[in-house]
Amino acid sequence: FVEDFSKAMSQAGTSQFQEVIRQELEYSMKVELDKILATATSNELEHTKKDLEGFKKLFHRFLQEKGPSVDWGKIQRPPEDSIQPYEKIKARGLPDNIASVLNKLVVVKLNGGLGTSMGCKGPKSLIGVRNENTFLDLTVQQIEHLNKSYNTDVPLVLMNSFNTDDDTKKILQKYSHSRVKIYTFNQSRYPRINKETLLPIAKDVSYSGENTECWYPPGHGDIYASFYNSGLLDNLIGEGKEYIFVSNIDNLGATVDLYILNHLMNPPNGKRCEFVMEVTNKTRADVKGGTLTQYENKLRLVEIAQVPKAHVDEFKSVSKFKIFNTNNLWIALSAIKRLQEKNAIDMEIIVNPKTLDGGLNVIQLETAVGAAIKSFENSLGINVPRSRFLPVKTTSDLLLVMSNLYSLNAGSLTMSEKREFPTVPLVKLGSSFTKVQDYLRRFESIPDMLELDHLTVSGDVTFGKNVSLKGTVIIIANHGDRIDIPAGALLENKIVSGNLRILDH
């Protein structure tokens, strides 16, 4: 239906016909949303109303837009000075009164995601990453270390989703004695839309039991409206806070950088940036990452989903678009307030198709936080070292951060000085390792990986204690085979395949 509808739209050529269909769809949607709202209790009414209003605006825009949202001919390379090298920012040094600068900062972590892709129930931020510490533990330790070192009061704000809010709040009691004030707010809850009818699949407001699949959190672009609506934005401005540093909670490289903060608070030309995006150089593994371009005289984030099909290969080229967005962002609070009140934050809609367990095809309308860069004044990209982008999306990433490639200090991971190359080895663990509990069961201890370049593991493989991996190691157990790497083994530039059982004697 969606395809037919858009074909009809383009062929009809009469804007009148298109307009009639759009109005009908919008009217049907309104009727359905009113029915859902009518099932809300008095406690739920206020925030459900806000959520559905926000969704209605997004749906309206979705009906207006046709095709990829960028005109490829208008995309230009960003001007030289619009993306600054981190070295140049760092070379300015730090002022004596760094504490007064830090006291203007709020750290915001995007905490809406579940650990389902790694086989875990509950919030991803509660997965153990290093020495029993979770993502959330490490974040709190980092900020506590800052506050103690500089005698400051940098708060932590978590943007939860309805999926992660309860579990996160339970765990927060554990930090009640730490030197970090922790606040939370919830991102919106939007209804999933049936792909055929373009109507919501939810019949009422409840989102537990069989209704969990009817709702979704609409991407991290929702931060502006939710932060503002929660009242927290105004409270923090009232306390004299000026900037937020936003990042994904699973990016272990996203620590507070004093040089960037100083650059924001004390700009060299006297004119403050309202929005800074940290970008880093693409490698072959990052070809799908969003990139910064110059578009209609503004810095603009372009994601792969917005690129016309004919230009996707060009978009992925490492030579033309050399950098990608790390989603570490520094944003002025006053600017968020101003733009939110004018309804002037413009983010492209990401249409995310999903198939539910029962086979129903739905779409989710989402937005991305970085896409708003073009709405802010005096935006800037800073090309940071790769070490500030260390996301843990899979157990292959988890193996890297648990290993001796990194040392942990006050909640921050840094690459071990014993590693001779600054790059991280390429690790590909097969499907037997996808779930965290299976992965943990297959390593008696995490191997020594200081001299590893590349590791591929496939099939039923286990590792004994104190294994060392060097160079390129490929271990493949075919279907029905099992390979046990014995304790203390050293594998250097080895391919291991077939069957290898080490029997206890």
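The values are calculated or read from the model by the stated rules, or taken from the named source; none is laboratory data. Fair warning: this is a prediction, and the values are worked out from it, not measured in the lab. Note that we place each Cβ from the backbone using ideal geometry, even for glycine, and neighbour counts take in every protein chain shown. We work out accessible area using only protein heavy atoms, side chains counted, and drop any ligands, DNA or RNA first. Shrake-Rupley method; radii C 1.70, N 1.55, O 1.52, S 1.80 Å.
Quick notes on this one:
- Residues satisfying the stated conditions in region 279-302, i.e. of a type in the set (Ser, Thr, Tyr) and either in a helix (DSSP H, G or I) or more than 25 Å from Thr423 (Cβ to Cβ) (or both): Thr293, Tyr295
- Put simply, of Lys418, Lys494 the only residue that is within 26 Å of Asn281 (Cβ to Cβ), more than 28 Å from the chain's Cα centre (by Cα) and open to solvent by 60 Å² or more (accessible area, probe 1.4 Å) is Lys418.
- Sole exception among (1) open to solvent by less than 70 Å² (accessible area, probe 1.4 Å); (2) not in a loop (DSSP other than H, G, I, E, B) for Ala310, by number: (1)
- Strands (runs of 3 or more DSSP E) contained in region 413-505 and holding at least 1 residues among the acidic types (Asp, Glu) and out of contact with any Phe, Trp or Tyr (no Cβ under 7 Å at 6 or more places or on another chain): 448-458, 483-485, 490-497
- Of the residues making up region 262-302, those that are of a type in the set (A, V, I, L, M, F, W, C), in contact with a helix residue (DSSP H, G or I) (Cβ under 8 Å, 6 or more places away or on another chain) and over 24 Å from Phe185 (Cα atoms) are Met265, Cys273, Val287, Leu292, Leu299, Leu301, Val302.
- Residue satisfying condition, being outside the structural domain of Gly459 (by the TED database), closer than 30 Å to Ala202 by Cβ and open to solvent by less than 20 Å² (accessible area, probe 1.4 Å), within set Ile349, Ile363: Ile363
- Only residues that are open to solvent by less than 20 Å² (accessible area, probe 1.4 Å) and under 20 Å from the mean Cα position of the chain (by Cα) were counted in region 261-288, giving 8.
- Residues being open to solvent by 60 Å² or more (accessible area, probe 1.4 Å) and not aliphatic (A, V, I, L, M) - total across region 421-441: 9
- Test: residue in region 442-455 that is open to solvent by 50 Å² or more (accessible area, probe 1.4 Å), closer than 30 Å to Gly122 by Cβ, basic (Lys, Arg) and at pLDDT 95 or above: no
- Flag if Ser125 is touching a Pro at 6+ places or on another chain (Cβ under 8 Å), crowded, with 18+ Cβ neighbours inside 10 Å and under 28 Å from Met402 (Cβ atoms): no
- Candidates are the residues of region 173-197 that are in contact with a strand residue (DSSP E or B) (Cβ under 8 Å, 6 or more places away or on another chain) and part of a loop (DSSP other than H, G, I, E, B); the one that is surrounded by the fewest Cβ atoms within 10 Å (Cβ to Cβ) is Glu196.
- Subset tally (residues that are outside any helix (DSSP H, G or I) and open to solvent by 20 Å² or more (accessible area, probe 1.4 Å)) for region 391-405: 4
- For Cys214, the conditions (1) over 30 Å from Glu341 (Cβ atoms); (2) surrounded by fewer than 18 Cβ atoms within 10 Å (Cβ to Cβ); (3) without any contact (Cβ under 8 Å) to a residue 40 or more places away in the chain all hold with the exception of (2).
- Pair list, Cβ under 8 Å, 6 or more apart: region 175-186 residue within 19 Å of Thr164 (Cβ to Cβ), other residue open to solvent by 50 Å² or more (accessible area, probe 1.4 Å) and assigned to a loop (DSSP other than H, G, I, E, B): Phe185/Ser230; Asn186/Ser230
- Against the numbered list (1) touching a residue at least 60 places away in the same chain (Cβ under 8 Å); (2) buried (at least 16 other Cβ atoms within 10 Å of the Cβ); (3) of a type outside the set (A, V, I, L, M, F, W, C), Lys203 comes up short only at (2).
- Unmet criterion (only one of (1) in contact with a strand residue (DSSP E or B) (Cβ under 7 Å, 6 or more places away or on another chain); (2) outside any loop (DSSP other than H, G, I, E, B); (3) of a type in the set (Phe, Trp, Tyr)) for Tyr207: (2)
- The number of residues in region 295-307 that are within 15 Å of Asn378 (Cα to Cα) and open to solvent by 30 Å² or more (accessible area, probe 1.4 Å) comes to 3.
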